[in-house]
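A quick write-up on the structure given underneath.
Where a number appears in this text, it was derived from the coordinates with a stated rule and is not lab data. Remember, predicted model here, so these are calculated numbers, not experimental data. Note that we place each Cβ from the backbone using ideal geometry, even for glycine, and neighbour counts take in every protein chain shown.
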Amino acid sequence: MKLTRIYLIRHGEVKGHEEKRYNGQNDVELTPRGEAQFGLLKARLEKKPLSALYASDLQRCRSGADLICQARDFAPVILKQVRELNIGRWEGMTWADIQSRYPQEWEARLQDLTHYQVPRGESLQQLADRVLPAVRDIVARHQGEEVALVAHGGVNRVLLLDAIGAPLDRLFSIEQDFGCLNIIDYFADGQTVVRLMNG
């Protein structure tokens, strides 16, 4: 049966990672370790017959996508639709700062992770509504092929939850380390199989 295999990558380690922080759509840079993680991913994917590589338009994904494509005959396709969750007024803030300054809003989000929307931001449902159609388009365009997608922790979790049929409120039941690799097979009949998670 025809399948499309997606090598789903989370970007490498970013500056300021030492504290739990919502970077959201802020364009933060990779650390030297984050760049090295992309070097390891490039080596891991070197012999894979990739037809294309897609990436978020944020620099922490684009720079790694460029590196992975260096020895290939195609450039990354940049997709704004797969950029990280817009966390609104919380962008750039540490979790500790948010809990201190917005305790009621923090608790409200925990109580309804799927639908709560930080002011000037997106809910998880809105993120899913943006990301899932974009990835379905990739799958339809590359039936029977293998492609890579360089995205973000939140985006990847949404895709993995969708692949296993789990609800969005289980977002934090899945870990996505910096520079990790996931493998998802999308079959023509609509079935999905997660072959690797947080590798």
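Can you compute the FRET efficiency between Asn198 and Arg33 using 1/(1 + (r/R0)^6), with r the Cβ-Cβ distance and R0 = 25 Å? Round to the nearest 0.05.
Efficiency computed from Cβ-Cβ geometry: 0.90.
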When the Karplus curve 6.51 cos²θ - 1.76 cosθ + 1.60 is applied with θ = phi - 60°, which whole-Hz ³J(HN,Hα) does each residue of the range 77-84 get, with x for Gly and Pro? 8, 8, 10, 5, 5, 9, 6, 5
Percentage relative contact order, the chain, counting C-alpha pairs under 8 Å, at least six apart: 34 percent
Sorting Trp106, Trp95 on the 10 Å Cβ count, fewest up front, what's the list? Trp95, Trp106
Can you tell me the FRET efficiency between Gln126 and Asp97 if r is taken as the Cβ-Cβ distance and R0 is 30 Å, rounded to the nearest 0.05? 0.80
Quick check: the angle from helix 32-45's long axis to the longest principal axis of the chain, C-alpha only, nearest 10 degrees? 30 degrees
To the nearest 0.05, what FRET efficiency results for Ser51 and Phe187 with a Förster distance of 25 Å applied to their C-beta separation? 0.90
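Report the extension gain between Phe74 and Glu105 in nm, rounded to one decimal, defined as 0.36 nm multiplied by the number of residues separating them, less their alpha carbon distance.
6.7 nm
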Under a Cβ-Cβ cut-off of 10 Å, what is the net charge of the residues other than Glu146 that fall near it, where Lys and Arg count +1 and Asp and Glu count -1? 0
Counted neighbours (other Cβ, 10 Å), sorted fewest up, put Ile9, Ile87 in the order Ile87, Ile9
How many angstrom separate the Cα center of the range 70-96 from the Cα center of the range 1-23? 9 Å
Assuming a strict under-26 Å limit between Cα atoms, what lysine pair count do you get for the chain once near-sequence pairs (fewer than 8 apart, same chain) are dropped? 8
Can you tell me the 0 to 90 degree angle between the C-alpha axis of helix 153-164 and the longest principal axis of the chain, rounded to 10? 60 degrees
